[in-house]
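Visitor: Following this message is one structure expressed as structure tokens.
The values are calculated or read from the model by the stated rules, or taken from the named source; none is laboratory data. Everything numeric here is computed off the predicted structure, so don't read it as measured data. Note: ideal-geometry Cβ built from the backbone for every residue, glycine included; neighbour counts use all protein chains shown. Ligands, DNA and RNA are stripped out before the accessible areas are found, and what is left, the full protein with its side chains, is counted by its heavy atoms. Shrake-Rupley method; radii C 1.70, N 1.55, O 1.52, S 1.80 Å.
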Amino acid sequence: PLWPPGARAAVHRGFMLPVSEDPPALSIGLAVRNARNGIRRCIESILSQDFTDLELVICDNASDDGTLETLEGYARTDERISLSVNDVNIGSHENMRRVLDASRGTLFRWVSSDDWLEPKCLSTCVRALEDRPDAMGVTTWFTIHTPDGSTRFEEYRGEFPTSADPARRFERMLWFFHAGDAKYDPIYGMYRREHLLRAHPLRPSERTDWLLSAELALLGPIVNVEKRLANRTRDYPVGVDRAAFRRRLDPAHGERLRTSPRRLYRELYALAVMADLTEPQLRRCRRALRRFWVKEVARAGRSRLSDARHRVL
């Protein structure tokens, strides 16, 4: 049964209960595993927003570093929080899917456990979507923080995937994939939840974020707010263990996620074919994909060379 309005959030292992009968305007999905050092800053930045008609849907993925105790404390004291706990590590992909499936808001935004929001981030994004009923999502500028304490950002003022033409939005999204990670962060934008549910989130791929972003661009315009309203924490290790990375995404079937430039091209093209495009629009998508493929082959080659050098050293 549903809890009455105003009821306290509860902690449950393996499943979630709604905190009230009325769905909120916005759901924030927080999929977390072993994030003891940054989780308080992340949660506090959400709960202190001036936009309060929200729920924070948290799914802990079998943390063993004390993260769960912190999450339970927050869930007991704020009725906007619902918390579920996985008994085993299901991987970050499935955990992100679970918070989306458990959410109830009209709007939805993922947040990473080591990231945080500026005070007016949510209200600004909600207003942007209210002003653009044709838009299905909104992004903002953001600041990247690295473990050594340095920061960087790019306040890009060029074209975002805002066009009424889906082929043009697809072209712009493909361009952003190789434009540098400080320019654009579509996965951590705010979206109309119905569009996310219509899409096919979190496919089994190392580049599931690119695939979802491309599909969302085909579905509708994504506007951008020219303010730095989010903070991302990123590390840039030398010599990435790709197999370990895939296991983190999906412990049980990590090798199924292995993604070559050819596979990525095929999957992106399939998205364009499934969209409601005219033949001229589809031809433009194919041209954009050929340019994308050349860049991706070069990027993959550089990554392999860097990893090989690191192993030798």
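Visitor: If you roll a 1.4 Å probe over the chain with all protein chains in place, what percent of the accessible area is carbon or sulfur?
Guide: C and S fraction of accessible area: 51 percent.
Visitor: Would you kindly work out the equivalent ellipsoid of the stretch 44-94 from its C-alpha gyration tensor and give its semi-axes, the square roots of five times the eigenvalues, largest first in whole Å?
Guide: Largest first, the stretch 44-94 gives 22, 12, 9 Å.
Visitor: What's the local net charge at Ala128, with K and R +1, D and E -1, over the other residues with C-beta under 13 Å away?
Guide: So the surrounding residues net to +2.
Visitor: Next question. Over the stretch 156-313, what is the relative contact order in percent, taking alpha-carbon pairs closer than 8 angstrom and at least six residues apart?
Guide: 29 percent
Visitor: Another question, if that's okay. Starting from the Kirkwood radius over alpha-carbon pairs of the stretch 73-158, derive D by Stokes-Einstein at 20 °C in a medium of 1.002 mPa s and give it in µm² s⁻¹.
Guide: In µm²/s, the coefficient rounds to 133.
Visitor: Students often forget the sequence filter, so: which lysines lie under 24 Å Cα-Cα from Lys295 once same-chain residues fewer than 8 apart are removed?
Guide: The reachable lysines, counting only those whose Cα sits under 24 Å from Lys295, are Lys183.
Visitor: At 0.36 nm per residue, minus the direct Cα-Cα distance, what do Asp235 and Lys295 gain on full extension? Give it in nm, one decimal, please.
Guide: Stretched fully, the Asp235-Lys295 segment lengthens by 19.3 nm.
Visitor: Helix check for the chain. Which DSSP H runs span at least 18 Å along their own axis by Cα, with a mean Kyte-Doolittle hydropathy no less than -1.0?
Guide: Helices passing the filter in the chain: 261-274.
Visitor: What is the projected area of the convex hull of the Cα atoms of the chain, averaged over all directions, in nm²?
Guide: Taking the Cα atoms of the chain, their convex hull projects to 16.5 nm² on average.
Visitor: What distance in nm separates the two pseudo spin-label positions at Arg76 and Glu44, each 7 Å out from Cα along the beta-carbon direction?
Guide: Distance between label points: 2.0 nm.
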